[in-house]
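A short write-up of the structure that comes next.
The numbers here are math on the coordinates, done by the rules we state, and not lab data. Treat the numbers as computed from the prediction; the structure is a model and nothing was measured. Positions of Cβ are backbone-derived with ideal geometry, glycine not excepted, and every protein chain shown enters the neighbour counts.
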Amino acid sequence: MDGLQIGVDIGGTFTDWVMVGQDGGVQVVKTPTTPVAFTGVFDAMDAAGVTGDRISSFAHGTTLGTNALIERRLPRVGMITTKGLTAVLTQAARGAKEDIWDIYHESPRPSIVKPRDRLEVTERTLSSGEIRARLDEDEARKAARILAARGISTVAVCFLHSYANGRNETRMKEIILEEHPDALVRTSHETIPRILEYERFTTTILNVALIPLMIDYLLALEQGLHDRGYGGDALIV
């Protein structure tokens, strides 16, 4: 069978490899999942006797990011936000708590950003997109230097109403990279430009936290496929 369409799913115990040929024939291969997840893909490929030049498309499902989040195998993340909004991650969230009047309430599942790594700067964008207060660049530079001094190179920039105008966030990102050129920075308006601060902030934080892990994994997977003769892209689910 040539022109193969491949689907691979890595589970906790087995790696499942399904091939569909141009004639509609289906072949299934099951191999043990390996500690280094993507090597299980190549073990299944070898067990199926398939070379990369016979594959027309390759789709891959993985829970690597989900597992890293559940197990908290993530880099230390810093967040820079609008002054007064650090409580969005834990005390405010969506407001569901046993005592709504308890201003010191903390979520039983702590945020992946430690409270001391949530820094504030003066800026204000209105929901209309009007910038009421431009980013205080002295405060911004100080915050960037604090994170750099702590060895934090993974940073989420999450400002109020940035979905309507991301100019202040963009400038904050520029300042971080000026002070810490090797930092990985993501802004919330680039990640998910929508209202609701809790959802936008947490999505941005998770995105930037998982990028290093997923990039390393996907580059290694893609290189391994190309070494075996596959010239296309890996489709990730």
Anyone know which of T34, T82, T170 comes out most mobile in the 10 Å Cα GNM of the chain? T34
Fewest-first ordering of M19, M45 by Cβ atoms within 10 Å yields M19, M45
Per residue, what volume in Å³ does the Cα convex hull of the chain take up? 161 Å³
For the chain, what is the calculated [θ] at 222 nm in deg cm²/dmol (nearest 500), taking -39500 (n - 2.57) for each run of four or more DSSP H residues and dividing by its residue count? -11000 deg cm²/dmol
For the chain, which DSSP H helices look membrane-span-like by this rule: Cα extent along the axis of 27 Å or more and mean Kyte-Doolittle of at least 1.0? none
DSSP beta bridges in segment 74-206: the antiparallel percent, rounded to 5, is 15 percent
Give the order of Y230, Y198, Y217 when sorted by the count of other beta carbons within 10 angstrom, beginning with the fewest. Y198, Y217, Y230
Residues with beta-carbon under 15 Å from that of L177, excluding L177: net charge, scoring Lys, Arg +1 and Asp, Glu -1? -2
One would report the antiparallel percent of DSSP beta bridges in the chain, rounded to the nearest 5, as 40 percent
DSSP loop trypsin sites (Lys or Arg not before Pro) with at most 13 other Cβ within 10 Å: longest gap in the chain: 1-71
Once you list every other residue whose beta carbon is under 14 Å from the beta carbon of E130, what net charge do they have if Lys and Arg are +1 and Asp and Glu are -1? +3
